[in-house]
1. Within region 23-50, count every residue that is part of a loop (DSSP other than H, G, I, E, B) and either in contact (Cβ under 8 Å) with a residue 60 or more places away in the chain or in contact with a helix residue (DSSP H, G or I) (Cβ under 8 Å, 6 or more places away or on another chain) (or both).
2. Residues of region 65-108 being touching a helix residue (DSSP H, G or I) at 6+ places or on another chain (Cβ under 7 Å) and either under 18 Å from Gly24 (Cα atoms) or part of a helix (DSSP H, G or I) (or both), which ones?
3. Tally up the residues in region 13-30 that are within 14 Å of the chain's Cα centre (by Cα) and loosely packed, with under 14 Cβ neighbours inside 10 Å, please.
4. Filter region 12-22 down to residues that are outside any strand (DSSP E or B) and modelled with pLDDT of 95 or more, then give me how many there are.
5. Which of the residues that make up region 82-104 are of a type in the set (A, V, I, L, M) and out of contact with any Leu (no Cβ under 6 Å at 6 or more places or on another chain)?
6. Out of the residues in region 36-57 that are of a type outside the set (S, T, N, Q) and under 14 Å from Glu108 (Cβ atoms), which is surrounded by the fewest Cβ atoms within 10 Å (Cβ to Cβ)?
7. If you check Gly61 against the conditions, is it at positive phi and in contact with a strand residue (DSSP E or B) (Cβ under 6 Å, 6 or more places away or on another chain)?
Amino acid sequence: MPITLCHIDEIPDAGARGFSLAQGKVFAVKNRQELFIYLNRCPHLGIPLEWEPHDFLDAEGRYIRCANHGAFFLPESGECIQGPCLGDSLWSIDYELVNGMITIAEEELPALPAPV
């Protein structure tokens with residue numbers, strides 16, 4: 001079942017936007033007219049990347065940054081290039097643009113943990 005995130009124009013150029021879904025948190029990054037979507041989970045400890053809403057990029061807007069550990073990730077691949085998870089990558093999520101709306105398949109997201 002497709003999940004609609006937002007219209008592509010709602011994400012600033014060279015910017016990012018986070019989304020809270022029932023299945024977990026994701027974020028989208030627009031970089032050089034390209035769009036990338038990732039699970040909002042640092043590979044180091046599995047915690048969200050940002051402290052402030054939609055604050056996923058470094059000061060120059062070049063890299064995705066984990067506010068908790070200072071790790072830096074390439075926007076185009078999600079690969080960690082600096083920090084405690086060096087060489088690991090963010091969980092990439094495929095998407096489709098339908099009339100400018102960004103949609104993802106629910107199957108692209110990891111399964112929720114079983115209730116305790």
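1. Number satisfying all stated conditions: 1.
2. Matches in region 65-108: Ile93, Asp94, Ile102.
3. Matching residues across region 13-30 total 2.
4. Of the residues in that region, 0 qualify.
5. Correct list: Leu86, Leu90, Ile93, Leu97, Val98, Met101, Ile104.
6. Of everything passing the filter in region 36-57, Arg41 is surrounded by the fewest Cβ atoms within 10 Å (Cβ to Cβ).
7. No: the conditions fail for Gly61.
The values are calculated or read from the model by the stated rules, or taken from the named source; none is laboratory data. All values reported here derive from a predicted model rather than from experimental measurement. Cβ coordinates were reconstructed from backbone atoms using ideal geometry, including for glycine residues, and neighbour counts include every protein chain displayed.
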